[in-house]
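The values are calculated or read from the model by the stated rules, or taken from the named source; none is laboratory data. Here the structure is a predicted model, which means the values were calculated and not measured. In this analysis, Cβ positions are derived from the backbone assuming ideal geometry, glycine residues included, and neighbour counts consider all displayed protein chains. To get the accessible areas, we keep the full protein, side chains included, count just its heavy atoms, and leave off ligands, DNA and RNA. Shrake-Rupley method; radii C 1.70, N 1.55, O 1.52, S 1.80 Å.
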Amino acid sequence: MASSSSSPRNSNKHGIFLSFRGEDTRDNFTSHLYSALCHNNIETFIDNDLKRGDEISQSLLDTIEASTISIIIFSERYASSGWCLDELLKILECKHVYGQIVIPVFCRVDPSHVRWQT
């Protein structure tokens, strides 16, 4: 557990971190959710500048850690993205270590497919 006062956890600059597969949901569900959260003055992080094939950056991992809530939008191909899986790993670490709230959303996916990994 990070205990340093310079730890990203202490900077808490975003209330919500959105984890999603851009190709699946960026221009529909995720953009509408992001707009609704922002319209209600909820600080929300969405990464619109990620380039396909890049490695997940430390600043993105720090942003996840600094968030109070993570919303994971599980879509048909979420698990086929190494980037999404890296984000998910960090989110689950933050849930365990810091008690971060994690909200799963199933977008065109049956929750049992995730539960049984089909």
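Pick from segment 19-29 the residues that are in contact (Cβ under 8 Å) with a residue 60 or more places away in the chain and assigned to a helix (DSSP H, G or I): which of them is most open to solvent (accessible area, probe 1.4 Å)? So that I can check it myself, show each step before the final result.
Within segment 19-29, the first condition is being in contact (Cβ under 8 Å) with a residue 60 or more places away in the chain, and the residues that meet it are 19-21, 24-25, 29.
Among the residues that remain, those that are also assigned to a helix (DSSP H, G or I) are: 24-25, 29.
On the way: ASP24: 17, THR25: 0, PHE29: 76 Å².
Only one residue fits best here, namely PHE29.
Residue by residue through segment 96-118, note down the ones that are open to solvent by 60 Å² or more (accessible area, probe 1.4 Å), modelled with pLDDT of 90 or more and part of a helix (DSSP H, G or I). Step through it out loud before you land on a result.
Our first condition is that a residue be open to solvent by 60 Å² or more (accessible area, probe 1.4 Å); within segment 96-118, this holds for 96, 101, 103-104, 106, 108, 110, 113, 115-118.
Pick out the ones that are also modelled with pLDDT of 90 or more and you get 96, 101, 103-104, 106.
Selection gives HIS96 alone.
Taking segment 2-23 on its own, how many of its residues are modelled with pLDDT of 90 or more and not small (Gly, Ala, Ser)?
Adding up the residues that qualify gives 5.
Tell me which residues, restricted to segment 54-75, are touching a residue at least 40 places away in the same chain (Cβ under 8 Å) and in contact with an Asp or Glu (Cβ under 6 Å, 6 or more places away or on another chain).
SER75
Looking for something assigned to a helix (DSSP H, G or I), modelled with pLDDT under 95 and either under 21 Å from PRO104 (Cα atoms) or among the aliphatic types (A, V, I, L, M) (or both) - is there at least one such residue anywhere in segment 44-60? If you could, list the steps in order and put the result at the bottom.
Residues of segment 44-60 assigned to a helix (DSSP H, G or I): 58-60.
Going one step further and asking which of them are modelled with pLDDT under 95, we end up with 58-60.
Imposing the further condition that a residue be either under 21 Å from PRO104 (Cα atoms) or among the aliphatic types (A, V, I, L, M) (or both) reduces the set to 60.
Yes, that holds for at least one residue.
Evaluate the following for SER75: is it under 26 Å from SER112 (Cβ atoms) and open to solvent by 80 Å² or more (accessible area, probe 1.4 Å)? Please lay out each step first, then the result.
Working: under 26 Å from SER112 (Cβ atoms): yes; open to solvent by 80 Å² or more (accessible area, probe 1.4 Å): no.
The answer is no for SER75.
List pairs: first residue in segment 34-46 and within 16 Å of PHE20 (Cβ to Cβ) and open to solvent by 50 Å² or more (accessible area, probe 1.4 Å), second residue of a type outside the set (S, T, N, Q) and not in a helix (DSSP H, G or I) anywhere in the structure, Cβ distance under 7 angstrom, at least six positions apart or on different chains.
TYR34/LEU18; TYR34/ILE46
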